[in-house]
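To keep things clear, I will list the structure first and then write my remarks on it.
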Amino acid sequence: MRKKLFSLCLLLIFLLFPLQSQDYGNTCIISVEKTSENVKSLKYMGLDFLMEWEGKIYIVATPEDLQRLQEKNLFYTFEELALPPAAQKELSLQAGVNGAYHTYSELETDLLSLEEKYPQIVKVFSLGKSLEQRNIYAIKISDNVNAEEDEPGVLFLGCHHAREWISVEVPYLIGKYLAENYSSNAEIKNLIDNSQIWIVPLLNPDGLEYSIHFYRYWRKNRRDNGRNEFGVDLNRNYGYKWGHDNYGSSPDPSSQVYRGTEVFSELETQVIRDLCSTRNFHALISYHSYSQIIIYPWGYTEEKCDKYDQLDKIAAKMSELMQEVNGRTYTYGQAGAEMYYTNGDTTDWAFGVYGIPAYTIELPPVDQLRGGFFNSEEDIQSIFSENLPAALYLIECAIQNYESKKENSEKLYELKEERRKNLYIKGEK
Ligand SMILES: [Zn+2]
């Protein structure tokens, strides 16, 4: 039975992606029940996790992965690629294979037009170029945007992983919201006037384009590793506990969690390293998908970090604010304890080197049916809406912490309720 299903899976993949075969060979999608026993075993396998949803863990698996799972007596099920059913109602679909999701060039256009519209507070930067010569764009949002001021920086990152298209949209829309509401919303103005917000919505432009045009499940960047193997997992290439073990990342270039030849070997992670070394960041969110969870350091170990309580408290508040918007609950916890191990990821590095609150937010797969294993384009707005108050809260935390530090206060990352009042507009979409 299993063999039969496997052939069916291969056939389906071949039919869907007939032009590309070398990069991902015989990969297919499987699911494993999320029991604590299974989670324990999976943690040590360095697999390509697609998403976690309703008690199941979905994995993009190669035949070798399947063999390893069998050796560990882990039972798995082949999942058919869910295709969108015929539309039940008129959809607001946009033209193009990527629909309402940005391509690289669409994002470029939108970022530049945001700067053109709000030149006083928005400035577009190219942090550097990718391997395929695409710009890695950042926007800075602040008053006196051309100056580096004595204000805390907050960094929002998107799309380390190519197939996680929703992770481009959320940070981009946060930037757009901030710019558009600066003149009409006193609280937003207050945030922008007192901080320096940096947004890098598309860290992996080569990977995104590959995911749009060739292979939807692509995860890494497009580094040629030789032997017809491509890609480094950018979220395993940062310079803190890099290569700590071979569970949280892999030394094998064919692995989907390949960490690269050395610390910061990739242009994409280098630009973040360089940006952080020259700016004054006090908080960070890196958006990923799909799990509906907020996670914080450490990812490389189950041991707690020294600011565990503070990180947890902020995560709890973010989760609460998100839940208020659409009723969806984002669970939260330490990455290495909640999920699988990761080493060399963004947040361990940001926290390990700079000691700042750093979060990975795994966005939810809201509509599995229409979006297959991915979000439908109609989910973009609701996912953005629920993430907005959490992002604003973290900016406010950074400002207050910065001010209280300046006043030599002992108080860390605590938000005074009176200042939070009226910050979020009810029903804002
Ligand atoms: Zn990811």
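The values are calculated or read from the model by the stated rules, or taken from the named source; none is laboratory data. Here the structure is a predicted model, which is why all the values come from computation and not from measurement. Reconstructed Cβ throughout: ideal geometry from the backbone, glycine too, with neighbour counts over all protein chains shown.
This table checks each residue for (1) away from the ligand (no atom under 16 Å from the Cβ); (2) buried (at least 24 other Cβ atoms within 10 Å of the Cβ).
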{"residue": "ARG134", "(1), (2)": "yes, no"}
{"residue": "LEU155", "(1), (2)": "yes, yes"}
{"residue": "ALA162", "(1), (2)": "no, yes"}
{"residue": "PRO171", "(1), (2)": "no, yes"}
{"residue": "LEU178", "(1), (2)": "yes, yes"}
{"residue": "SER183", "(1), (2)": "yes, no"}
{"residue": "LYS189", "(1), (2)": "yes, no"}
{"residue": "ILE197", "(1), (2)": "yes, yes"}
Restricting the search to the stretch 51-80, which residues are surrounded by fewer than 16 Cβ atoms within 10 Å (Cβ to Cβ) and aromatic (Phe, Trp, Tyr)?
-> PHE75
The stretch 29-135: strands (runs of 3 or more DSSP E) wholly inside it with 1 or more residues that are at pLDDT 90 or above are 122-129
Those residues of the stretch 251-294 which are charged (D, E, K, R) and either touching an Asp or Glu at 6+ places or on another chain (Cβ under 8 Å) or assigned to a loop (DSSP other than H, G, I, E, B) (or both), in sequence order = ASP252, ARG259, GLU262, GLU266, ARG279
Enumerated helices (runs of 4 or more DSSP H) restricted to the stretch 319-429, each holding at least 1 residues that are modelled with pLDDT under 70 and surrounded by 20 or more Cβ atoms within 10 Å (Cβ to Cβ) = 368-371
Complete set of residues in the stretch 136-151 that are buried (at least 24 other Cβ atoms within 10 Å of the Cβ) and part of a loop (DSSP other than H, G, I, E, B) | SER142
Go through the stretch 254-274 residue by residue and tally those that are of a type outside the set (Val, Ile, Thr) and surrounded by 20 or more Cβ atoms within 10 Å (Cβ to Cβ).
-> 7
Return the residue satisfying two criteria in turn: it lies in the stretch 263-304 and is out of contact with any Gly (no Cβ under 9 Å at 6 or more places or on another chain) and not hydrophobic (A, V, I, L, M, F, W, C), and of such residues it is nearest to the ligand (Cβ to nearest atom).
-> SER289
Would you mind stating whether LYS304 is in a helix (DSSP H, G or I) and farther than 30 Å from ASN98 by Cα?
-> no
Kindly indicate whether ASN204 is of a type in the set (S, T, N, Q), within 16 Å of the ligand (Cβ to nearest atom) and assigned by TED's automatic domain parsing to the domain that holds TYR340.
-> yes
Please find, within the stretch 223-244, the residue that is surrounded by the most Cβ atoms within 10 Å (Cβ to Cβ) out of those that are within 16 Å of the ligand (Cβ to nearest atom) and over 14 Å from the mean Cα position of the chain (by Cα).
-> ASN237
